[in-house]
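A short write-up of the structure that comes next.
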Amino acid sequence: MTEAYRAMLVRRLGPPEALELAELPRQPLKAGEVRIGVRTVGVNFPDLLQVAGQYQHKPPLPFVPGFEAAGEIIETAPDVTGWRTGDAVLLRAASSYAEELVAPAAALWPKPADWSWEEAAGFPVCASTAWIALLWRGRLRPGETLLVLGAGGGTGLAAVTLGTRSGAQVIAVASSAEKRAAAQKAGAALCIDPAAEGWEKSVQADVVFDPVGGEVSSTAWRALKPGGRWLVIGFAGGAIPRLPANRLLLREAELIGVRAGEQARRVPAAAKALDHGMKEWLVGSEGGRPLIARVYRLDEAAAALRQLANRKAAGKLVLQPR
């Protein structure tokens, strides 16, 4: 192994173009850690917020952004058991925009042999967000109706997939024909164009999965059933919608904030359940793979983030460091 590796570095907060390719020194492993030779990196909306300094967790400058990757173990700390050099893994981990990263061994999941590296890297963040939101926080039950906003993006498609696998009837709202086709392939029973007038009057949902915010959220409130649960995942649409508290009152509905990573850090039972749920999803999940929209080189990270910000991609964007 060399003593340095390449990574995309944020020296100043700002737009995606603030990223720069840098060479960083390798750090020694601590107890319980492994070093991963990164094959592919998933690109997510929180990455965009992190680079801009708008994410909840603000690492000190300079820092390497990113939250998920897939690759092979190239070194383990002496106390690590159950993993060995050469194992193919995927993980949800900080500082993933790099040729290699260091992470706790407990954060690793085995890469399915029949999954591509791109599929593996595109799985951890969106899948864990959907799982915590729908099954842990949202209490989605078989036979219920799930409405997924932003259903053509990585997180939305993960929610469509998991909702379908959990026995719910899934209704997908997505802004382009390509995204609606992707949602239908992931298992959605009905796909809706949010530009269609009055669409919210034609559906009634027990659970709404909302990673979008903005105008589509304001419209979709009318589709929530009495006693329903509204899951606030994020605001990829840019605007934070105004809370219609009167609708919550009249419908005796629940508004539930979801921070999947924080939930797993703060609640040990959630972390344990999530780990079990992800392993189940990864085994025998022929229909549960993420859809990959495009692959970029590591030094094209700014372009990938711009594509993500424009919300044009159907599925996940990934980076290839090597």
Once the in-chain neighbours fewer than 8 apart are removed, the lysines whose Cα is under 17 Å from residue 30 read none
Between residue 255 and residues 5 or more places away or on another chain, the pairs with built amide H atoms under 5 Å apart involve 230
Using +1 at the C-beta of Lys and Arg and -1 at the C-beta of Asp and Glu, which of 296, 182, 81 has the Cα lying farthest in the positive direction of the dipole of the chain? 182
For the chain, percent of DSSP beta bridges that are antiparallel (nearest 5) comes out at 55 percent
For segment 126-262, give the magnitude of the charge dipole about the Cα centre (Cβ charges: +1 Lys/Arg, -1 Asp/Glu; no others), in debye to the nearest 20. 240 debye
Cα shape, segment 126-262, gyration tensor, a/c 1.5 rule: rounded
Going by a ≥ b ≥ c, the root eigenvalues of the Cα gyration tensor, does segment 30-146 fall in the rounded group (a/c under 1.5), the prolate group (a/b larger than b/c) or the oblate group? oblate
GNM top mover of 189, 260, 174 - the chain, alpha-carbon springs below 10 Å: 189
Net charge of Cβ neighbours under 15 Å - reference residue 229; Lys, Arg +1; Asp, Glu -1: +1
Which residues make up the longest stretch of the chain that has no GluC sites (Glu not before Pro) in a DSSP loop with at most 15 other Cβ atoms within 10 Å? 4-196
In segment 217-309, which trypsin sites (Lys or Arg not before Pro) fall in coil by DSSP and have 11 or fewer other Cβ atoms within 10 Å? 242
Whole Å is fine, so just give me how far the alpha carbon centre of segment 110-168 lies from that of segment 259-322. 10 Å
Using Cα-Cα distances under 8 Å and only pairs 6 or more residues apart, what relative contact order does segment 9-163 have, in percent? 23 percent
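If you rank 9, 162 by fewest surrounding Cβ atoms within 10 Å, what's the result?
With the fewest neighbours first, 9, 162 line up as 9, 162.
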So if I place +1 on the C-beta of Lys and Arg and -1 on the C-beta of Asp and Glu, and nothing else carries charge, what would the dipole magnitude of the chain be about its Cα centre? I want it in debye, nearest 20. 700 debye
Going from the fewest other Cβ atoms within 10 Å to the most, one would list 166, 96, 128 as 166, 128, 96
Order these by the 10 Å Cβ neighbour count, fewest first: 97, 296. 296, 97
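We did not get these values from a lab; they are worked out from the coordinates using the rules stated. All of these numbers come straight from a predicted model, not from anything done at the bench. Counting neighbours? That spans all protein chains shown, and the Cβs are built from the backbone with ideal geometry, glycine included.
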